[in-house]
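Undergrad: Before we start, here is the structure in question, set down as structure tokens.
All of the numbers you see were taken from the coordinates with simple rules; none came from a lab. Quantities reported herein were computed from a predicted structural model and do not represent experimental measurements. Backbone-built Cβ (ideal geometry, glycine too); neighbour counts: all protein chains shown.
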Amino acid sequence: MTDKKSILFITVTFPPRLSVASLRLYNYAKLFHQNGWRVSVITCTQEGQNISDEFDLDRFNIIDIPWKDPYFKIQRIKNKLLKKVIVKSMGYIIPQLPIWLPDMRFRSWKKNAIKCANELISKQEISHIYTTFSPPSPHLIGQKLKSKHKNIYWIAEYRDLWSFSASNNSIKKLLKNLHFEIEKRIVNESDLILTVSKGQQAIMQKRLRRNVHILYNGCDFDSYRNLSEINNGFSIVYTGYYSKKFNDLDLFFKSTKEFISTHKNAARPIKIIFVGTPENNLILNKIKHYELENYCVFLKKMPNVEVKKIQKSASLLLHLAWTDPSQKGILSGKIFEYISAQRPILSIGFDQELAELISPYNGKMLQKKSEIVNYMKKTYETEMKIKLADNKTSEISKENQFKKLEKIINQ
């Protein structure tokens with residue numbers, strides 16, 4: 001007899017690997033387990049991945065299938081010019097392959113994962129599978145499994161859009177409708193489609209012509225409750241990566257320079273702390289251009305609990321939204337961490353859904369230098385009251401997001 005509360009997550013990223021996607025899936029897998037579900041996970045080990053021992057993984061049945069990334073072979077080429085030519089060429093050609101050959105990069109992992117999943121479903125009588133994009137391979141596996149095991153309930157999750165992703169290059173955008181015919185065929189058999197925002201939900205419902213449900217990355221207020229704070233004077237904290245193309249670093253640094261110029265002799269020293277942000281030439285040159293070298297600190301990737309301590313101690317949490325006002329629903333897991341830390345949030349860019357999300361928690365989405373400078377000054381000079389929330393009462397907590405999801409599954 002099939003266990004009606006048994007679920008298999010299929011994902012290329014899961015703890016102990018450190019990534020935003022890993023944290024999302026780990027937290028929801030944990031909630032499934034806490035609510036009486038038997039949880040299995042098929043994932044992969046990637047060469048050079050950042051890992052942490054902070055996770056409690058004993059509660060899950062994790063099957064880790066090794067995967068050799070074809071790209072790593074290029075990195076072993078000693079001739080720098082040859083390596084550069086190949087990387088540039090593949091950077092152009094490989095992104096186009098998903099239009100005709102979805103996810104060839106993960107071909108070997110996908111083949112082994114399908115075999116493993118079929119065995120697991122038969123032996124442990126799995127009732128539900130949960131696949132997550134990106135990359136496409138988990139959904140391709142989900143399609144194969146659903147075709148073979150008709151009674152299994154397939155949840156297909158989109159952490160980002162696929163054919164209609166705002167970050168697609170010009171060729172992918174040109175061929176998006178052709179590509180979408182492949183995408184639609186792949187997820188058509190799924191029982192439930194999830195996405196991470198209202199903006200993405202609207203796009204997918206229009207294209208797929210079926211209901212799409214939202215599962216926010218969600219807040220975990222309680223995990224920040226008893227963390228010790230770090231005294232950093234007045235600290236502006238940014239965690240994770242940024243986009244050269246879609247985020248306005250210049251507006252942030254320009255505004256920060258003006259703000260600092262009015263508070264040079266103030267009692268509280270000002271620091272800009274980047275956590276897990278690549279310390280590359282692009283950002284270093286901008287810091288030098290705006291004469292902010294003495295104010296910026298780069299911290300390497302670290303366990304999530306240490307990141308939380310820094311976020312909770314921040315005077316101001318910085319978020320970089322997209323510069324294109326037409327883009328909607330790009331909600332990263334970072335913004336929910338920021339809300340959970342219950343510190344003032346400054347988001348620079350455009351996204352109405354995001355602006356409405358952070359507003360009750362003393363967050364501001366701004367696009368003008370004068371507004372940004374004034375908000376920094378206000379944060380520096382005034383202790384802002386933040387709306388208190390917890391996992392039980394907040395609609396956007398992971399706990400309550402999971403309850404909504406379980407209710408849909410059980411209908």
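Undergrad: Express as a percent, rounded to the nearest 5, the fraction of DSSP beta bridges in the chain (both residues included) that run antiparallel.
TA: Numbers: 2 of 50 bridges.
Percent antiparallel among DSSP bridges in the chain is about 5.
Undergrad: A further question on this structure: For the residues M204, M104, what sequence is obtained by ranking on other C-beta atoms within 10 Å, fewest first?
TA: Values: M204 22, M104 14.
Neighbour counts put them in this order, fewest first: M104, M204.
Undergrad: Something else: Size of the chain along its principal axes in angstrom, Cα-based, largest extent first?
TA: 70, 56, 41
Undergrad: Determine, for C116, C219, the number of other Cβ atoms within 10 Å of each Cβ, and report the residues in order from fewest to most.
TA: On the way: C116 16, C219 28.
So the ranking, lowest neighbour count to highest, is C116, C219.
Undergrad: Which aspartates and glutamates have a Cα lying under 13 Å from the Cα of K301, excluding residues fewer than 8 positions away in the same chain?
TA: Hits, sequence-local ones excluded: E279.
Undergrad: Take the Cα gyration tensor of the stretch 192-288, multiply each eigenvalue by 5, square-root it, and list the three semi-axes largest first, rounded to whole angstrom. Write down the numbers at each step before the final one.
TA: On the way: eigenvalues 263, 87, 30 Å².
Taking √(5λ) for each eigenvalue gives 36, 21, 12 Å, largest first.
Undergrad: Any idea what the relative contact order of the stretch 265-393 is, in percent, if you count C-alpha pairs under 8 Å spaced at least 6 apart?
TA: On the way: 149 pairs, mean separation 24.6, N = 129.
That works out to 19 percent.
Undergrad: Among the chymotrypsin sites (Phe, Trp or Tyr not before Pro) in the stretch 241-311, which ones are in a DSSP loop with at most 15 other Cβ atoms within 10 Å of the Cβ? Mind listing them? Spell out each step's value before the answer.
TA: Details: sites: Y241, Y242, F246, F252, F253, F259, F274, Y290, Y295, F298; in loops: Y241, Y242, F246, Y290, Y295.
Sparse-neighbourhood loop chymotrypsin sites (Phe, Trp or Tyr not before Pro): Y241.
Undergrad: Among DSSP beta bridges lying fully in the stretch 292-391, give the percent that are antiparallel, nearest 5. Before the final figure, lay out the partial values.
TA: Details: 1 of 9 bridges.
DSSP beta bridges in the stretch 292-391 are roughly 10 percent antiparallel.
Undergrad: State, as an integer percentage, the relative contact order of the chain based on alpha-carbon contacts under 8 Å between residues 6 or more apart.
TA: On the way: 669 pairs, mean separation 56.6, N = 411.
Averaging sequence separation for qualifying contacts and normalising by length gives 14 percent for the chain.
Undergrad: Provide the convex hull volume over Cα atoms per residue for the stretch 221-381, in Å³.
TA: Values: hull volume 17.4 nm³, N = 161.
About 108 Å³ per residue, rounded to a whole number.
Undergrad: Counting alpha carbon pairs within less than 8 Å and at least 6 residues apart, what relative contact order, in whole percent, applies to the stretch 101-232?
TA: On the way: 148 pairs, mean separation 25.3, N = 132.
Reported relative contact order: 19 percent.
Undergrad: Let me ask you something else. Round to the nearest 10 and give me the degree value, 0 to 90, for the angle of helix 80-93's Cα axis relative to the longest principal axis of the chain.
TA: 70
Undergrad: Could you tell me what percent of the DSSP beta bridges with both partners in the stretch 63-213 are antiparallel, to the nearest 5? All intermediate terms of the calculation are to be shown ahead of the outcome.
TA: Numbers: 0 of 11 bridges.
Once the DSSP bridges in the stretch 63-213 are tallied, antiparallel ones form about 0 percent.
Undergrad: Please determine, in degrees from 0 to 90 and to the nearest 10, the orientation of helix 137-148 with respect to the longest principal axis defined by the Cα atoms of the chain, where the helix direction is its Cα long axis.
TA: Long axis of 137-148 versus the principal axis of the chain: about 30 degrees.
Undergrad: Which trypsin sites (Lys or Arg not before Pro) does the stretch 303-411 hold that lie in a coil by DSSP with at most 16 other beta carbons within 10 Å?
TA: Details: sites: K308, K309, K312, K328, K334, K364, K368, K369, K377, K378, K385, K387, K392, K398, K403, K404, K407; in loops: K328, K368, K385, K387, K392.
Taking the stretch 303-411 and a limit of 16 other Cβ atoms within 10 Å, the loop trypsin sites (Lys or Arg not before Pro) found are K368, K385, K387, K392.
Undergrad: Further question: Which of the trypsin sites (Lys or Arg not before Pro) found in the stretch 166-216 are loop residues per DSSP with 10 or fewer other Cβ atoms within 10 Å of their Cβ?
TA: Those that pass, being in a loop and sparsely packed, are R209.
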